[in-house]
1. Which one of these is touching a Ser or Thr at 6+ places or on another chain (Cβ under 6 Å) and of a type outside the set (D, E): I108, I118, I104?
2. Restricting to segment 37-53, and then to whatever is of a type outside the set (A, V, I, L, M) and under 19 Å from the mean Cα position of the chain (by Cα), can you tell me which residue is farthest from L197 (Cα to Cα)?
3. Working only within segment 36-65, note down all residues that are hydroxyl-bearing (S, T, Y) and within 20 Å of P230 (Cα to Cα).
4. Quick check on this structure: which one of K171, K188 is farther than 30 Å from L92 by Cα and outside the structural domain of E123 (by TED's automatic domain parsing)?
5. Starting from residues that are assigned to a loop (DSSP other than H, G, I, E, B) and among the hydroxyl-bearing types (S, T, Y), keep the ones in segment 63-87 and report whichever is surrounded by the fewest Cβ atoms within 10 Å (Cβ to Cβ).
6. Of (1) part of a helix (DSSP H, G or I); (2) under 25 Å from the mean Cα position of the chain (by Cα), D114 satisfies all except one. Which?
7. Residues to consider are G173, G238, G139; find the one that is under 18 Å from the mean Cα position of the chain (by Cα), at pLDDT below 90 and either surrounded by fewer than 17 Cβ atoms within 10 Å (Cβ to Cβ) or closer than 23 Å to G54 by Cβ (or both).
8. Please go through segment 22-51 and give me each residue that is in a strand (DSSP E or B) and surrounded by 17 or more Cβ atoms within 10 Å (Cβ to Cβ), ordered by number.
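The values are calculated or read from the model by the stated rules, or taken from the named source; none is laboratory data. Predicted model only: the values in this text are computed from it and were never measured. Here the Cβ positions follow ideal geometry from the backbone for every residue, glycine too, while neighbour counts run over all protein chains shown.
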Amino acid sequence: MVKHGKRYTNLLKKIGTEDPKSRKPIALVEAVNKVKQTASAKFDESVDIAINLGIDPRKADQAIRGTVSLPHGIGKTVRVTVVTRNQEAAALAAGADEAGFEPILEKIRGGWTDTDVIIATPEVMGELGKLGRILGPRGLMPNPKSGTVTQDVTTAVKEVKAGKIEYRVDKGGNIHASVGKASFEAPKLVDNINMFLNTIIRAKPATAKGQFVKSVAISSTMGPSVKVDPAEAIKAHG
């Protein structure tokens, strides 16, 4: 068994076990309460969810990706950059932190990536696409599937600022996302997690066979993970 520091060991005791392998999945409401109990850092920790899916992400039709608008947001200010030739004023009016074309491209060429989301209008993607080696590894390249390549810049900016997040399955069939802050009231975290789970379950590919949601776990930034009963999630949304 992996040895942990005193603080982490005490947190494990709070959720009922010092051995991660022996943790049993529990109801979502109980899991949320345990995560809130273990969020003891000096900052407001994020609450994260990890879902393991029974898919083969190497197959194009099972490479799940999309967006979801969480009802209570994620509890952080999202920095939004809009790359556009002709909608700069509209983007800024909608709440974008900065908007423009060549000045932003020049900053990115120099290695700048100090933003959370980049939204682009279609006509600039030819130039922005050339910067994929910089933006791609950081998950910042706009994509029509995530709603970040659009002519409706106003709506896109407002949705992201209000709590719309992107999710994407990794090579191991896992999806990770932040679903709020530990300071959120438990019912708000439950609402956000339910919305996220519901969205993922509805995104099940027609070609996926067997058990789709294999495991669900939530945790705070600095705390241990708490397993959530996937059967409960499927029953609630299925």
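1. Just a single option satisfies the conditions, and that option is I118.
2. Applying the filter and picking the extreme gives D44.
3. none
4. Checking each option against the conditions leaves just K171.
5. T77
6. Unmet for D114, out of (1) part of a helix (DSSP H, G or I); (2) under 25 Å from the mean Cα position of the chain (by Cα): (1).
7. Just a single option satisfies the conditions, and that option is G139.
8. Hits for segment 22-51 are I26, S46, V47, D48, I49, I51.
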